[in-house]
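Asks: First the structure, which I've put down as structure tokens, then a few questions once you've had a look.
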Amino acid sequence: MAIVTQVQLKNFRNIPALQWDCSPHCNLILGQNAQGKTNLLEALYFLSHTKSNRCSQDYELVTAGELPCNTAVSEKIPASPKTEGCLIQATVQRLGIHTMDTQLEAKILPATHGKSGWRTQFRLNQQPIKNRSQLLGQFPTVSFYSTDLLLLRGGLPQHRRHWLDAATAQLNPLHISHLSTFQKVLQHKNHLLRQLHSPQLSSDQQAVLEVLNTQLATSMSLVISGRLRYLEALAPHFEACYSKLCAAVEEKPTLYYKVAGFSKVFTSKSSASLVGLAGLSPAEWEAHYTDRLTQTMGLECQRQQSQTGPHRDDISVELGTGLLANRFASQGQQRSLVLALKLAELALLEAHLQETPVLLLDDVMAELDPIRQQQLLQNLPHQAQVFITTTHWDATTTASLETLLTANAPLTIWEVSQGQLRLK
């Protein structure tokens, strides 16, 4: 079981300074909009995943007053000599056979030695680490955000890929390294394709493109293998969690992974597809991608953009009737399906790590009707440490929360106002 015992922040978003001794049970964070509730959960998410779920660049987490005026346009702007950057630090207690404390720290600082931009330094137990993937698995979390409901309800494919990659990385920390390598090579290739003045390649351009395609085939194979292995393990938990949330409904949803450029799909109900895709080795996927990249080279030169790879894949859910959930499911069904996905993520992580991760619930109750609020609470582990943000809370739900989540342990309520946190 993982428990956050203390959080320290400095110049993080709208929080100038914070020393927070968290409750080991349920932390309810109240506050009006734009006061800093979500920022507190974002800090925990950042230390768990080594990246934010709300922005693409680390420097965006630094308090606005600490940034040069043009940094929002480009991070290649020299930071002010007086800029301190920001600190994100947490102490996490791991309760297993042996209780131990783990300290995780991230500092986002101006670049040194006359360089422009920003750099992020990570430390584990006060020791610097070279690769942020070394922090993955040290602080397991499962998050529920109101934006997660967009995974089906009008969400874009990149949102679903982002969720899948973040979830996969918690079980396989190397997935982030594989994904990063793939994205760097893909960016290099797309840059080369955009420089072409005609679809006809010179011999030098042909040679460079073939080298990049070889590197891409290798990195693509590792990314898709990681995703499919994760979905293969997630599928039975997803069906079980949906059955719990919708006990009166006989239909069972089917989870699909759509591979761009291939006719095959991964489905949680088809053993043939499981063997055909999730069962393929990285070497077999590399051979598939090598052939596909060769076939599409002419089209990519014409369109000046890569047309093959996991950056074009998608995830979908079908109802028992065979209809796509994002198009034909009701609002209530879509909410239940997304909740089932997140609860399945929790169950899989708990089974894999043999400990309960920390739960981050950001204003998710505002999107759920009372019945689904109770369904969510009833299916969360009673012993978990929980962080919940909301603008308001009624006595009935508070009583349910204390009973269902914390086994009648006292509920600790915090109030946030203008980046300041106090015990209510």
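Asks: Which condition number does residue 315 fail, the rest of (1) within 30 Å of residue 209 (Cα to Cα); (2) modelled with pLDDT under 90; (3) assigned to a helix (DSSP H, G or I) being met?
Replies: Status for residue 315: all satisfied but (3).
Asks: Which of the residues spanning the range 190-208 are under 37 Å from the mean Cα position of the chain (by Cα) and either at positive phi or of a type outside the set (Val, Ile, Thr) (or both)?
Replies: 190, 191, 192, 193, 194, 195, 196, 205, 206, 207
Asks: I've got another one for you. Do you know which of the residues in the range 201-232 that are free of Cβ contacts under 8 Å to residues at least 12 places away in the same chain and under 15 Å from residue 294 (Cα atoms) is surrounded by the fewest Cβ atoms within 10 Å (Cβ to Cβ)?
Replies: That would be 207.
Asks: For the range 39-69, give me each residue that is more than 15 Å from the chain's Cα centre (by Cα), at pLDDT below 90 and either of a type in the set (Lys, Arg) or part of a helix (DSSP H, G or I) (or both).
Replies: 64, 65, 66
Asks: Out of the helices (runs of 4 or more DSSP H) lying entirely within the range 318-391, which hold 3 or more residues that are within 19 Å of residue 45 (Cα to Cα) and at pLDDT 80 or above?
Replies: Once the helices (runs of 4 or more DSSP H) in the range 318-391 are filtered for at least 3 residues that are within 19 Å of residue 45 (Cα to Cα) and at pLDDT 80 or above, what remains is 331-353.
Asks: Give me the pairs, please: first residue somewhere in the range 317-340 and under 20 Å from residue 258 (Cβ atoms), second residue anywhere and of a type in the set (Lys, Arg) and part of a loop (DSSP other than H, G, I, E, B), beta-carbon distance under 8 Å, and either six or more positions apart or on two chains.
Replies: So the pair list comes out as 320/252; 326/153; 334/153; 338/153.
Asks: In the list 260, 248, which residue meets the criterion of being in a loop (DSSP other than H, G, I, E, B), surrounded by fewer than 20 Cβ atoms within 10 Å (Cβ to Cβ) and modelled with pLDDT under 70?
Replies: 248
Asks: Taking the residues in the range 263-295 that are under 21 Å from residue 239 (Cα atoms) and outside any helix (DSSP H, G or I) as candidates, determine which candidate is modelled with the lowest pLDDT.
Replies: It comes out as 270.
Asks: Sticking with this structure for a sec: Picking from 85, 36, which residue would you name as being at pLDDT below 95 and either more than 26 Å from residue 133 (Cα to Cα) or of a type in the set (A, V, I, L, M) (or both)?
Replies: Exactly one of 85, 36 is at pLDDT below 95 and either more than 26 Å from residue 133 (Cα to Cα) or of a type in the set (A, V, I, L, M) (or both), namely 36.
Asks: Additional query: Which numbered condition trips up residue 108, out of (1) surrounded by 19 or more Cβ atoms within 10 Å (Cβ to Cβ); (2) within 24 Å of residue 231 (Cβ to Cβ)?
Replies: The single condition residue 108 does not satisfy is (2).
The values are calculated or read from the model by the stated rules, or taken from the named source; none is laboratory data. Since the structure is predicted, the reported quantities are computational estimates derived from the model, not experimental observations. Glycine also receives a Cβ, built like all others from the backbone with ideal geometry; neighbour counts cover every protein chain displayed.
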